[in-house]
1. Between residue 219 and residue 19, what is the FRET efficiency for a Förster distance of 25 Å, r being their Cβ-Cβ separation, to the nearest 0.05?
2. Give me 192, 146 sorted ascending by neighbouring Cβ count inside 10 Å, so fewest comes first.
3. Sort 191, 196 by Cβ crowding within 10 Å, fewest neighbours at the top.
4. Fully extended, how many nm does the chain gain between residue 34 and residue 160 (0.36 nm per residue separation, minus their Cα-Cα distance)?
5. Run the simple label-point estimate for residue 179 and residue 209 please: 7 Å along Cα→C-beta, distance reported in nm.
6. What ranking, highest mean first, results for peptides 131-138, 29-36, 209-216, 4-11 when packing means the other Cβ atoms within 10 Å averaged over each residue?
7. Can you give the FRET efficiency to the nearest 0.05 for residue 112 and residue 227, using r as the Cβ-Cβ distance and R₀ = 30 Å?
């Protein structure tokens with residue numbers, strides 16, 4: 001039941017690589033957009049979602065199970081908690097920069113950093129614990145670093161190549177791509193420092209580092225697949 005956590009800065013092609021790995025190994029793929037969409041679609045009716053076996057068979061069932069658990073926890077704690085319930089999609093949609101600027105002290109009716117981290121961790125671990133999934137970003141390399149079944153992969157590319165990637169694949173000007181790279185890097189580092197006290201690029205967080213400028217995408221997929229199939233699980 002592999003869990004593959006893939007991280008990479010914008011412009012490295014980490015998202016496309018993660019999707020390809022999931023396709024190659026026939027695993028579910030989960031990123032921020034999928035989590036937000038699931039929370040948005042299931043947020044109102046999730047409390048009435050039919051209960052499934054302990055190990056749901058599809059991604060939809062898996063996300064429904066996780067969201068239902070959060071809703072039930074919210075109901076027990078009080079429906080007014082903004083970190084759960086119908087607002088879960090809003091919580092999960094926060095960017096690295098927005099999350100890094102949340103207040104550290106709880107304010108009535110407002111989301112704070114403690115509740116944000118609790119919500120994000122509950123969702124990510126809830127999805128990961130059932131295995132057979134590729135997770136992209138959102139601090140998964142920190143949250144799951146002690147999970148023995150998790151394989152952590154970092155996708156690297158130099159800044160110049162990342163800017164060129166955004167120009168080619170997202171139609172940005174070189175100027176705008178440069179600003180996006182700079183801002184996203186700062187926000188990503190601030191997010192990980194605040195919530196996990198780690199440098200997201202630290203080698204010890206990863207089992208495998210892929211240089212996207214030196215390896216073709218198909219070879220990188222095969223390398224990750226080989227690592228999943230043949231590796232020795234790390235101690236818990």
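1. Once rounded, the FRET efficiency stands at 0.95.
2. Placing the least packed residue first, the sequence is 146, 192.
3. 196, 191
4. Gain on extension, residue 34 to residue 160, equals 42.4 nm.
5. Between residue 179 and residue 209, the label points sit 3.1 nm apart.
6. Packing order, densest peptide first, comes out as 4-11, 131-138, 29-36, 209-216.
7. 0.20
Any read-out appearing in this document is the output of simple, stated calculations on the displayed coordinates, not a laboratory observation. Remember, predicted model here, so these are calculated numbers, not experimental data. FYI the Cβ positions are ideal-geometry reconstructions off the backbone, even for glycines, and counts take in every protein chain you see.
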